[in-house]
Amino acid sequence: MTPLELRADIPALQDDAYLNFGAHGPSPESVVDAAAEFVRTHEYDAPVADDPYETAFRAFDRTRETVASFVGADPDEIALTESTTAGINAIAGAIDWQPGDVVVRTDLEHPAGILPWQRLEREGVEVRVVETDASRLDLERFADAVADAKLACFSAVTWTHGTRLPVAELVDVAQDAGALTLVDAVQVPGQLPMDVDEWGADVVAAAGHKWLLGLWGGGFLHVDRTVANDLEPRAVGYRSVEVPTADPFEFAAGARRFEVGSANPAPHVALREAIDVITEIGMERIEDRVRHLAGRLTDEVPDDRLRSPSTPESGLVTIDVADPAATVERLAADGIVVRALPFPNAVRASVHAVNTEDDVDRLLDGLRREW
C-alpha cells in the first residue's frame, strides 16, 4: 500500500485539505470497519457462541502484541489505555509522593503533561519548569533541574513547534540523577519511527488517534518491566491484579497492572488495524514523505513567520499570524483545516504522508494574504 492508496480509503480527506493530524487523524474505512465488526461479533455472537469476556481479552492480548512489536517492546510492558492523558495520570497516581518531592517538565508540554503535576503541587510536590530556547532544550539546564528530582516528564516531539527533543540523552541525564523518566510520545507513532528500547525511558505514553489514524480511546502505555513492579496504581480492578478474588490482592506483573476493568475493546481493535496499515506502508516511506511535504510548506513561509525549524523535524509546522483563531476560521471556510495554538500565538499545520502537494499549496495560497 502507498500513502495515496491509504488516502483513498479515508472519507474525510476526499474534498478538503485536512492538515490537523497532530490533533486528530481521520480514520480509514478499514480501521472503522475492523472496530465495527468486532462490536458486532462481541454483541451478537460472543454471548452465546463464545464468552464476551474471553472475546475481549483475546482482542486486548492481540493488540498488546501488535503495539509491542511496533514500538520495540515486549507485550508485558504494554498497558492499553484510553489516551496519553490517561497514561500519564496513571503513572502520576502510582508513585508514593511526599511533600518536597520534585517533578521536572519543560515549558513546551501539552496540558496532558502539565495538569497531573499541578494537581500534585496541592500535596506539596515541587514542579520545576525547564525553559527552552527556540523550542530547544539545553542539556545542562535540564541536568541542573533533575539533580534531585523524583520524576522528569517531557515530550518526544513538541506539539507547539514540531521539534524533536533528544529523548535518549534526556533519559540518560535524568536516570543518572535517580529520576524516573516519563515520555509523552503521542506525536510520534504513525509519522516517525519509534523504538522505546533505544530511548531507554522508564515510561512512554501515547495514543493512536492522531498520526496512526486510529479511533479515540485507543491509547497505550509502555512501562519498563524493571520499573513496573515498583509502581502501585491508585485505580485497581480485576484486570490489574493476579487473582481478582484474592485477599490481599496482588498487582499483575508488568504493565497490565494499569488496566483496570471492563472497557470497550473496539478502539484497541482499531488501533491494531491502524498499526497494521501503517506498517504495510512502511515507516521509512512515511517519514520521507512527511519530510518532503512539510519542507514544501516551510520553504515558502517567510523566515520571520516560521516558528518551526526551516528544515522540518516532523510534520508539525507552526506559522505566526496576527489572529490565529480568525485565520483558522477563514481557512476552514475554504476547506483547509489547521488549528490555532494557545502558545505561541500561531497556527499549526500537521502534514501527514496521506496529504498531497495540492493540500500544501492550498494552505500556502490561503496564508499568503496574512503576509
Only one of (1) closer than 30 Å to residue 144 by Cα; (2) crowded, with 18+ Cβ neighbours inside 10 Å; (3) small (Gly, Ala, Ser) does not apply to residue 35, and that is (1)
Hey, could you check segment 169-193 for residues that are among the polar types (S, T, N, Q) and under 12 Å from the mean Cα position of the chain (by Cα) and say which is surrounded by the fewest Cβ atoms within 10 Å (Cβ to Cβ)? 187
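Would you check which residues across segment 247-283 are among the aromatic types (Phe, Trp, Tyr) and crowded, with 24+ Cβ neighbours inside 10 Å and list them? Talk me through it step by step, then tell me what you get.
Of all residues in segment 247-283, those among the aromatic types (Phe, Trp, Tyr) come to 249, 251, 258.
Passing the criteria: only 258.
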Quick check on this structure: which one of 272, 225, 256 is over 30 Å from residue 40 (Cβ atoms) and in contact (Cβ under 8 Å) with a residue 24 or more places away in the chain? 225
If I filter segment 83-103 down to residues being in contact (Cβ under 8 Å) with a residue 40 or more places away in the chain and more than 20 Å from residue 187 (Cα to Cα), which single residue comes out as surrounded by the most Cβ atoms within 10 Å (Cβ to Cβ)? 103
Conditions first: (1) surrounded by fewer than 21 Cβ atoms within 10 Å (Cβ to Cβ); (2) among the β-branched types (Val, Ile, Thr); (3) touching a Phe, Trp or Tyr at 6+ places or on another chain (Cβ under 8 Å). Residue 48 passes all but one, so which condition is the exception? (3)
In the list 244, 309, which residue meets the criterion of being crowded, with 18+ Cβ neighbours inside 10 Å and assigned to a loop (DSSP other than H, G, I, E, B)? 309
Please go through segment 194-241 and pick out each residue that is β-branched (Val, Ile, Thr), surrounded by fewer than 22 Cβ atoms within 10 Å (Cβ to Cβ) and not in a helix (DSSP H, G or I). 236, 241
Leading residue by the ranking (nearest to residue 165 (Cα to Cα)) among those in segment 118-136 that are assigned to a loop (DSSP other than H, G, I, E, B) and open to solvent by less than 20 Å² (accessible area, probe 1.4 Å): 135
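Would it be correct to say that residue 173 is out of contact with any strand residue (DSSP E or B) (no Cβ under 6 Å at 6 or more places or on another chain) and over 24 Å from residue 136 (Cβ atoms)? Give the steps one after another, and end with the answer.
On the way: out of contact with any strand residue (DSSP E or B) (no Cβ under 6 Å at 6 or more places or on another chain): yes; over 24 Å from residue 136 (Cβ atoms): no.
Spelling it out, it is not the case that residue 173 is out of contact with any strand residue (DSSP E or B) (no Cβ under 6 Å at 6 or more places or on another chain) and over 24 Å from residue 136 (Cβ atoms).
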Could you figure out which of (1) among the charged types (D, E, K, R); (2) open to solvent by 60 Å² or more (accessible area, probe 1.4 Å); (3) in contact (Cβ under 8 Å) with a residue 24 or more places away in the chain isn't true of residue 65? (3)
Within segment 152-168, is there a residue that is over 22 Å from residue 315 (Cβ atoms), modelled with pLDDT of 95 or more and open to solvent by 30 Å² or more (accessible area, probe 1.4 Å)? no
Tell me the residue from 80, 4 that is in contact with a Pro (Cβ under 9 Å, 6 or more places away or on another chain) and in contact (Cβ under 8 Å) with a residue 24 or more places away in the chain, please. 80
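Of the residues that make up segment 153-168, is at least one of a type outside the set (Lys, Arg), over 30 Å from residue 286 (Cβ atoms) and either out of contact with any Phe, Trp or Tyr (no Cβ under 7 Å at 6 or more places or on another chain) or without any contact (Cβ under 8 Å) to a residue 24 or more places away in the chain (or both)? Break it down stepwise before answering.
Here is the first cut: in segment 153-168, the ones of a type outside the set (Lys, Arg) are 153-163, 165-168.
In the following step, the residues that additionally are over 30 Å from residue 286 (Cβ atoms) were identified as none.
Looking through segment 153-168, none of the residues is of a type outside the set (Lys, Arg), over 30 Å from residue 286 (Cβ atoms) and either out of contact with any Phe, Trp or Tyr (no Cβ under 7 Å at 6 or more places or on another chain) or without any contact (Cβ under 8 Å) to a residue 24 or more places away in the chain (or both).
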Quick one: which residue in 290, 301, 338, 317 is closer than 18 Å to residue 3 by Cα and surrounded by 19 or more Cβ atoms within 10 Å (Cβ to Cβ)? 290
Give the residue that is nearest to residue 291 (Cα to Cα), with candidates limited to residues of segment 334-369 that are in a strand (DSSP E or B) and among the small types (Gly, Ala, Ser). 350
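The values are calculated or read from the model by the stated rules, or taken from the named source; none is laboratory data. Owing to the predicted nature of the structure, the values given are computational and were not obtained by experimental measurement. Glycine also receives a Cβ, built like all others from the backbone with ideal geometry; neighbour counts cover every protein chain displayed. Accessible surface is based on the protein model in full, side chains and every heavy atom, while ligands, DNA and RNA are left aside. Shrake-Rupley method; radii C 1.70, N 1.55, O 1.52, S 1.80 Å.
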